[in-house]
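To start, the structure itself, in structure tokens.
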Amino acid sequence: VFKKRGPADEWDQHAKIIIPDGSDRVRFGSSVAIKGRYLIAGAPHTGSGSGELNPPGAAYVFKRVSPAAAGIMGIGGGRPEDVWILDTTLEPPTGTRYFGHSVDIDGMAIVGQDKYNRGPGSVSIY
């Protein structure tokens, strides 16, 4: 996550968000949206560890909170910037493939599923 700072409008890295379970090759972050204190990241290949050719996928919703709310102190007692914590994991409906291919968030979480030759695509709203 990058944030614009200062009078020169420079971009600085604010946070690095990683997939909560540490999965590899699930395309975490291939689709991302942010609105206010919420960020949603798609991982359309989640579940592919089982050897599935067309994995079900997932989407992860993170919430930006103060360090105190997250129970985090900075180095030397200093205060770090806001922290992103996992708010919820959105699981795909039964039979879904590549859930999290596209995402958006604006009061509701919207998660798309790509068809990949397995029937029509779809959108789930939470």
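Quick note: the coordinates plus some simple rules give every number you see, no bench work behind them. The shown structure was predicted, so the numbers you read here are calculated from the model rather than taken from an experiment. Glycine gets a Cβ as well: all are built from the backbone with ideal geometry, and neighbour counts include every protein chain shown.
Scan segment 1-63 for trypsin sites (Lys or Arg not before Pro) in coil per DSSP, keeping those whose Cβ has at most 11 other Cβ atoms within 10 Å, and list them by number.
Lys16, Arg25
Extension gain for the segment Asp9 to Ser66, taken as residue separation times 0.36 nm less the Cα-Cα distance, is 18.2 nm to one decimal. This ranking places Thr46, Thr94 by how few other beta-carbon atoms lie within 10 Å of each, fewest first, which gives Thr94, Thr46.
Remark: segment 13-20, residue by residue, has Karplus-estimated 3J(HN,Hα) of 5, 9, 7, 10, 9, 10, 4, x Hz, where x stands for each Gly or Pro and the curve is 6.51 cos²θ - 1.76 cosθ + 1.60 at θ = phi - 60°. Using a Cα-Cα cut-off of under 20 Å, which aspartates and glutamates could be cross-linked to Lys4, ignoring same-chain neighbours fewer than 8 residues away? Result set, ordered by chain and number: Asp12, Glu81, Asp82. Listing His45, His14 from fewest to most neighbouring C-beta atoms within 10 Å gives His14, His45.
Counting neighbouring beta carbons within 10 Å and listing from fewest to most, the residues Thr89, Thr96 come out as Thr89, Thr96. P(r) for segment 1-51, from all Cα pairs and a bin width of 10 Å, is 21, 41, 26, 10, 2, 0 %, short bins first.
Residue separation of Lys16 and Tyr126 scaled by 0.36 nm, minus their Cα-Cα distance, works out to 37.1 nm of gained length. Residues whose amide H comes within less than 5 Å of that of His101, counting only those at least five positions distant or on another chain, are Gly112, Asp114 (H built at 1.01 Å from N in the peptide plane).
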